[in-house]
Amino acid sequence: MRPTRIAKPKQHVAAWLGDWNRARQEFDWDQVRRELAALPGGAFNIAYAALDRHAGGARADHVALRWLGRFGNERTVSYAELARQTNRCANALRELGLAKGDRVFVLAARIPELYIAVLGALKIGAVVSPLFSAFGPEPIATRVNLGLGKALITTASLYQRKVEKIRPTLATLAHVLLIGEDSRTVSVPGTQDFATLLARASEQCAVEPTSTEDMALLHFTSGTTGTPKGAIHVHGAALMHYMTGKYALDLHADDIFWCTADPGWVTGTSYGIIAPMLHGVTSIVDEAEFDAERWYRILQDQRVNVWYTAPTAIRMLMKAGDELPKRYRFDALRFIASVGEPLNPEAVWWGNDVLGLPIHDNWWQTETGGIMIANYPAMDIKPGSMGKPLPGVEAFIVKHKNGGELEIIDQPEVEGELALRSGWPSMFRGYLNQEERYKKCFAGDLYLTGDLAKRDAEGYLWFVGRADDVIKSAGHLIGPFEVESALMEHPAVAESGVIGKPDPMVGEVVKAFVSLKPGHEPSEALKLELLGHARKRLGAAVAPKEIAFLAVLPRTRSGKIMRRLLKARELGLPEGDLSTLEAGA
Ligand code: AMP
């Protein structure tokens, strides 16, 4: 049996958060505000704080991005260069008539232009909404339409594969800017060439004097029902990104930092773009997909000091075997953190045994905008626990009493919903145009996270599960409704119910149950056709991996598909309360 805790590691560099209790007592957001200089005149803009602040100072020539191309090509971009490029991008967007508040969607692989587009758009006060490059046309269209996208910055190949056909359905989209392969110019009807627009634009730019409360980012996330929800985040969220970069990721100015998350999701934006730049550190950006050997080589050759990754990736490294990492040295590595799904205790230990450092789990979600709970560098780790709340964050375990009231549970080891006291700067300010759904997340000043957890006697928090039906696959949140809707568009499908089926590698895989319309019979060929149909519409990130046919799907008497029951039957678990089940299902 392994011990239940790992003593805090010896640090090569003093960890920022030495004394958790004291730091929490003394913590003050005004201090964080002072550390992050505002724009002249007191305005606050993420891109100014992340870039221009350094570009005009001692860190101007420090490398902001070290990009590793898929085919071995590399590019380094300094803070000064990135500031100039983003100025050009900002001016180009202004020339097109875009202004503060306009929605700019960005759909690209991990390439330097993605960072230029996001930060350039923030400079004019536009609202940036990142899209995952593995989304298919349908999730892209849904999000651009819900977000009233006015401009889309994407690559020529993604545009041709995923957007061109649905373009007529994107009614608000006035401009499409295309990034060519290897900076080559592209000419596609109905689009403009990103590089040409930037080359024509000035390198000087007056950053939009946004306030901390102005909307900066729109991150779409999924619920159990209905359309995706656009979580609204403001420029002031950067205070949280900076603070957590310091305390939860232990970033120091000369660090080389590698966040493996894709900027198409909230972690890749908050901690792949914003937090490291607020700290003026060098970020590694790897364009390629996961490959165990490549990843170990990057950690070694790029001399990564701080590595922020995810449980699925760690499990895939574990699967590649313990011999492979023995060929590499990780002597620069100082701190490893993980987020997005439960991190198995064995994975924490594996880090300790194989990489020489334990892995620090931390917890947050799209709505919280930044890390809320973490195993800190200077704290013992309890493998399997998410850690303790950050300074400035108050977390509670609550129970819903009959009659709708909430009870805060003080005793340790009692499961309940994880709730957070509102008021941290990166808290989402609403779901775009969905006030009711937003209001439902709160009880007084408590934000209800939708996660079940418990606290132990020492104050460490332990993840128990989700309180709803959303699916977490390889760290990506997937709404079953979006998948069900796409399946229902197939002429053979009468109805569908989608669940997350536990999977040892990616946490959960998407599994769909479908019933067929009269005149269609279950067959292997139809199954493949449906898998293909879903993949084409939804993209690899969202589409189901498994499909099963059922004569009828279990429904409540009010007509709702009982995903809970589909899951219980799939896993051979007790079926629970069936009093609302429609007869015959
Ligand atoms: P997202 O909004 O896509 O970032 O997903 C957030 C959800 O991922 C949380 O509500 C949790 O269900 C899950 N999650 C994130 N971090 C952790 C973690 N460290 N342990 C367990 N679940 C996590």
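Some notes on this structure:
- Relative contact order of the chain, defined on C-alpha pairs under 8 angstrom at six or more residues apart (%): 13
- Distance from segment 465-519 to segment 18-48 (C-alpha centre basis), Å: 42
- Equivalent-ellipsoid semi-axes of segment 469-571, from the Cα gyration tensor, Å, largest first: 20, 17, 12
- Principal axis dimensions, largest first and in whole angstrom, of the chain by Cα: 72, 61, 52
- For segment 332-339, Karplus couplings with θ = phi - 60° (6.51, -1.76, 1.60), whole Hz, Gly/Pro x: 7, 5, 10, 8, 10, 10, 9, 8
- For the chain, share of DSSP beta bridges that run antiparallel, in % to the nearest 5: 60
- Across the options Pro480, Leu516, Ala543, the greatest Cα extent toward the positive end of the charge dipole of segment 469-571 (unit charges at beta carbon of Lys, Arg, Asp, Glu) belongs to Pro480.
- Full extension of the chain between Glu394 and Asn433 gives 11.2 nm of extra length, using 0.36 nm per residue less the Cα-Cα distance.
- Counting neighbouring Cβ atoms within 10 Å and putting the fewest first, the residues Cys259, Cys89, Cys205 line up as Cys205, Cys259, Cys89.
- Legend: residue pairs Lys319/Lys567; Lys162/Lys517; Lys319/Lys454; Lys401/Lys440, Cα-Cα distance threshold 20 Å; pairs beyond threshold, Lys319/Lys567; Lys162/Lys517; Lys319/Lys454.
- Whole-Hz couplings from phi, Karplus 6.51/-1.76/1.60, listed for segment 265-279; x for Gly and Pro: 10, 4, 5, x, 7, 5, 10, x, 10, 6, 4, x, 6, 4, 8
- Close amide-amide hydrogen proximity is noted between Ala216 and His233, Val234, His235, each under 5 Å apart and 5 or more residues distant or on a separate chain (H modeled in the peptide plane; Pro and chain starts excluded).
- The residues Glu394, Glu482, when put in order of fewest to most other Cβ atoms within 10 Å, stand as Glu394, Glu482.
- The local environment of Leu239, defined by Cβ-Cβ distances under 13 Å, has a net charge of -1 under the rule Lys, Arg +1 and Asp, Glu -1.
- Charged neighbours of Glu413, selected by a Cβ distance under 9 Å, balance to 0 (K, R count +1; D, E count -1).
- Part-to-part distance (alpha-carbon centres) for segment 345-381 and segment 279-294, which is given in Å: 19
- Neighbourhood net charge (11 Å Cβ-Cβ; Lys/Arg +1, Asp/Glu -1) for Ala548: +2
- Amide H contacts of Ala548 (H built 1.01 Å from N, in plane; Pro and chain starts excluded): Ala512, Phe513, Val514 sit under 5 Å, all sequence-distant by 5 or more or on other chains.
- Close amide H pairs (under 5 Å, H built 1.01 Å from N) link Val493 with Lys517, residues at least 5 positions away or on another chain.
- Centre-to-centre separation between the Cα atoms of segment 106-146 and those of segment 403-428: 33 Å.
- Backbone geometry of segment 160-176 corresponds, through the Karplus equation with coefficients 6.51, -1.76 and 1.60 at θ = phi - 60°, to 3J(HN,Hα) couplings of 5, 7, 10, 10, 3, 5, 8, 3, x, 8, 9, 5, 8, 6, 8, 9, 10 Hz, x marking Gly and Pro.
- For the listed peptides 379-386, 489-496, a ranking on the average number of other beta carbons within 10 Å per residue, highest first, reads 379-386, 489-496.
- Take the Cα of Glu529, step 7 Å toward its Cβ, do the same at Asp468, and the gap between the two points is 3.4 nm.
Every read-out reported here was derived from the displayed coordinates using simple, explicitly stated rules and does not represent laboratory data. Model, not experiment: these values are computed from the prediction. Virtual Cβ from ideal backbone geometry, glycine too; neighbours counted across all protein chains shown.
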